[in-house]
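Undergrad: Below: one structure in structure tokens.
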Amino acid sequence: MGDHVLGIAMNGVTGRMGYRQHLTRSVLAIREAGGVVLPDGSRVVPEPVLVGRSERKLREIASRHGIERWTTDLDSVLSDDGISVYFDAQITSAREEAVRAAIAAGKHVYTEKPTANTLAAALELAKLARAAGVKNGVVQDKLFLPGLLKLRRLVDAGFFGRILSVRGEFGYWVFEGDWQEAQRPSWNYRTEDGGGIVLDMFPHWHYVLEHLFAPVRAVTARAVTHIPERVDEAGHPYAATADDAAYAVFELDGGVVAQINSSWTTRVNRDELVEFQVDGTQGSAVAGLWNCRVQHRAMTPKPTWNPDLPTGERYRAQWQEVPDNAEFGNGFKAQWELFLRHVVADEPFPHDLLSGARGLQMAEAGLHSSRTGRRVELEEVSLS
């Protein structure tokens, strides 16, 4: 049983997410640990090849981490038989063309989302991958984080009884870039570059709702641009043409209603940057990315509405913390390990390009609902 060395072309690792989460905390961490163990006891060891536009940045990253190969020529790595997997963490507007080329070259594909700019393009990528017979996956990292893993445990255990509703709050204040540097790149706020919080976050909410609760069947949303002008990385003002906040209601199978606010123009008054409250007939839970608190039916207090008296209840203290009961690693790394086993050992991997296309469908439906003021039903999306 020999180890499998798997060449991975990693495009977009000079960006914050591509570098921190995918390169250093996932692929390099897996390599340094000796690879991922396969069912037969052998290991698959990833060997990254860095791809990007900046020679200087690529050279510096490669030197810092002892990576032998890097290039600004994507075609050269796609024609290299020693590279089996193509990974994409570029800006959204550049992703579709590169993924299409990787599939045509016979590479297995793992990519950030959204996978393309439109549902039609995302579906075409999924169909091309199926026709080419290549393995494919989409990053759905939040499913692998401690808070949502605990929430999954509660759902599987039947803790909630019949689930009634989900309420999510996500966001923080992203500085405009004038008196304080923005925490996000300026392209996020330009529609022409693939920016916008709906396109960025609705695919996340789709896989969270679909995998934890039930398929999404309808969307009603309002997307807005609260901050119309921002300042870019060079200190130049620019028009923010993309939405920076979205307020949405999602209708799920079984009558579950999910309300999720997404905003880059809100100040945080939560324990975590994203929190989901799930209410059911037998109990409720509030889960963030790390923690999860519960209140069972038998332990639910009896609040009484009385605006004439100050509230003496310490409501937060009436909830119980869900224990870890396990060691939780980096969510991105956990999904990378699953994908590598999928590629080499053909283990199941449900987070494919078709799943990514359904997330983009929900984003498009949200934007359409916002433009028209109407509720939008989601049709079944398939490769047939």
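The values are calculated or read from the model by the stated rules, or taken from the named source; none is laboratory data. Since we're looking at a predicted model, the values are computed, not measured. Neighbour counts are summed over all protein chains in view; Cβ atoms, including those assigned to glycine, are modelled from backbone coordinates with ideal geometry.
Undergrad: Is it true that some residue in region 306-317 is over 20 Å from the mean Cα position of the chain (by Cα), within 30 Å of Val27 (Cα to Cα), surrounded by fewer than 15 Cβ atoms within 10 Å (Cβ to Cβ) and of a type in the set (D, E, K, R)?
TA: No, region 306-317 has no match at all.
Undergrad: Pairs, please: C-beta under 7 Å, at least 6 apart or cross-chain, first residue crowded, with 21+ Cβ neighbours inside 10 Å and in region 353-376, second of a type in the set (Asp, Glu) and modelled with pLDDT of 95 or more?
TA: Sorted first by the residue in region 353-376, then by its partner, the list stays empty.
Undergrad: When you check Asp81 against the structure, is it in a loop (DSSP other than H, G, I, E, B) and either among the small types (Gly, Ala, Ser) or within 20 Å of Ala345 (Cβ to Cβ) (or both), yes or no? Talk me through it step by step, then tell me what you get.
TA: On the way: in a loop (DSSP other than H, G, I, E, B): yes; either among the small types (Gly, Ala, Ser) or within 20 Å of Ala345 (Cβ to Cβ) (or both): no.
Against the criterion (in a loop (DSSP other than H, G, I, E, B) and either among the small types (Gly, Ala, Ser) or within 20 Å of Ala345 (Cβ to Cβ) (or both)), Asp81 does not qualify.
Undergrad: Only one of Glu364, Glu380 is among the acidic types (Asp, Glu) and part of a loop (DSSP other than H, G, I, E, B). Can you tell me which?
TA: Numbers: Glu364 fails: part of a loop (DSSP other than H, G, I, E, B).
Of the residues listed, the single one that is among the acidic types (Asp, Glu) and part of a loop (DSSP other than H, G, I, E, B) is Glu380.
Undergrad: Kindly indicate the residue of region 283-321 that is among the small types (Gly, Ala, Ser) and not in a helix (DSSP H, G or I) and also farthest from Gly171 (Cα to Cα) among those meeting that condition. If you could, list the steps in order and put the result at the bottom.
TA: Filtering region 283-321 for residues among the small types (Gly, Ala, Ser) gives 283-285, 287-288, 298, 312, 317.
Then keep just the ones that are not in a helix (DSSP H, G or I); that gives 283-285, 287-288, 312.
Details: Gly283: 26, Ser284: 22, Ala285: 20, Ala287: 15, Gly288: 12, Gly312: 29 Å.
The selected residue is Gly312.
Undergrad: Just to be sure before I move on: is Thr72 at pLDDT below 95, assigned by TED's automatic domain parsing to the domain that holds Thr14 and among the polar types (S, T, N, Q) in the structure I sent? Talk me through it step by step, then tell me what you get.
TA: Details: at pLDDT below 95: no; assigned by TED's automatic domain parsing to the domain that holds Thr14: yes; among the polar types (S, T, N, Q): yes.
Answer is no for this residue.
Undergrad: Looking at Val231, Val208, Val249, Val216 in this structure, which one is in contact with a strand residue (DSSP E or B) (Cβ under 6 Å, 6 or more places away or on another chain), within 24 Å of Val138 (Cα to Cα), in contact (Cβ under 8 Å) with a residue 24 or more places away in the chain and not aromatic (Phe, Trp, Tyr)? Walk me through how you get there before you give the answer.
TA: Values: Val231 fails: within 24 Å of Val138 (Cα to Cα); Val208 fails: in contact with a strand residue (DSSP E or B) (Cβ under 6 Å, 6 or more places away or on another chain); Val249 fails: within 24 Å of Val138 (Cα to Cα).
Selected residue: Val216, the only one of Val231, Val208, Val249, Val216 that is in contact with a strand residue (DSSP E or B) (Cβ under 6 Å, 6 or more places away or on another chain), within 24 Å of Val138 (Cα to Cα), in contact (Cβ under 8 Å) with a residue 24 or more places away in the chain and not aromatic (Phe, Trp, Tyr).
Undergrad: Here's something else I'd like to know. List the strands (runs of 3 or more DSSP E) inside region 155-244, counting only whole elements, that have at least 1 residues being under 19 Å from the mean Cα position of the chain (by Cα).
TA: Details: elements: 163-171, 216-224, 229-231, 237-239.
Strands (runs of 3 or more DSSP E) meeting the threshold: 163-171, 216-224.
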